[in-house]
Amino acid sequence: MADLALVAATFGDRLHQAGLSTTPERSARFAQMLDLIGPTTYHQLYWTARLAFVIDLVMLERFEAVFAEVFRGRVDVADIVRNPNAPERENPPQARGEDKQDRQGSPAPTEGNSPPGVTTPSTDTNDEDNDDGREALVAMAAEHDALRTKAFGVCTPAELEQLGHLIARLPLVPPLRRGRRLRPHDHRGDIHWRATLRQAHRTGGDPIHRQLRQPRRRPRRIVLIADVSGSMEHYARAYLYLLHGAVRAVGAEAFVFSTKLTRLTRLLGGRHPQLALNKAMMSASDWSGGTKIGEALAAFNDGWGRRGVARGAVIVIVSDGWDAGDVSILAREMERLARLADRIIWVNPRRQNPKFQPLTGGMAASLPFVDHFVSGHSLSHLDDVLAAISGG
């Protein structure tokens, strides 16, 4: 089994060599995060390391280069720091050492005379453990990297649990809207006459300095409505992780439906995802039952949409479109919802099939009111969902 502390310390040392400000405490935090979360994919490993080490976006470019060099062998550390005296990539290690000796008139660093902070090849047991630990961690990440493209519907419960930690931490960025309140601005906006005249008192009554203001920008509300009927059973649990992450991260509203609508916002607000998901599944008494999308949307519009929850919001509906109810009700409620919402995103995992056509009654009735139609059937395709939410 990989020595996570050794791997974390080595990675922190590589970041330090590349010119990044790192501390032993951050390396220790990285090791604790690896032990707590458990690396499953290259993508998760990246975000775990980034959360532990990157405290300023200025560091991001160098961090990504070092991360790729350590865990995928893509970049030379000398390239990262952009050292003008650095040798070319294609030179072998011996040639690089000889070149450095010729330029500086001193021998290249070797075992026993290495300057502080420089790692050199060695046959020491610690270096062998370091290589073994890093190789074990890379192998473990590469082994599970295929989960990113694996459809949720064919994942085992253990794989869904591994993916759930990643799904709940996806960077959900809500779009911004124009707020009612105004804020001062130095260069753009309308003249704030009251503030301008107040400032004129300091210049003898002459309005020399114009005070400007413009509307504040506020994030739009995000509402997620997931189908948990029998036809969506294989995907429902994966999207519960997304609902949990959205509620925790941006205060989204979360609902599920089968034959009736159930609000899960409060239940999914807990810190422990598994406990929250279990409570959510128990509260939905019609879990894996029939499907009545139209009646569920009618309950949402009557009970929540008219109260302002859907007004100007981004609505995300996760369903395969199979509706056992009256399709005319679904069309009517989608039209009502479209008038309230900023945009409607429909996520249908069956869209992944190249031969898919929206011929079912529920899907055909809903599409005229849908702004974005995506599949979202795997972790990698959730990027399309996030892009549609953020307005990309």
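The values are calculated or read from the model by the stated rules, or taken from the named source; none is laboratory data. Treat the numbers as computed from the prediction; the structure is a model and nothing was measured. All Cβ positions, glycine included, derive from the backbone under ideal geometry; neighbour counts span all protein chains shown. Ligands, DNA and RNA are excluded from the accessible area calculation, which covers all protein heavy atoms including side chains. Shrake-Rupley method; radii C 1.70, N 1.55, O 1.52, S 1.80 Å.
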Segment 172-246: relative contact order in percent, alpha carbon pairs under 8 Å with at least 6 residues between: 37 percent
Amide H contacts under 5 Å for Leu212, placed H, 5+ residues apart: His185, His192
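What order do you get for 150-158, 214-222 when each peptide is scored by the mean count of other beta carbon atoms within 10 Å, highest first?
Descending mean neighbour count gives 214-222, 150-158.
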Rounded Å value of the spacing that divides the Cα centres of segment 251-295 and segment 183-213: 51 Å
Heavy-atom accessible surface of segment 279-350: percent carbon and sulfur, 1.4 Å: 51 percent
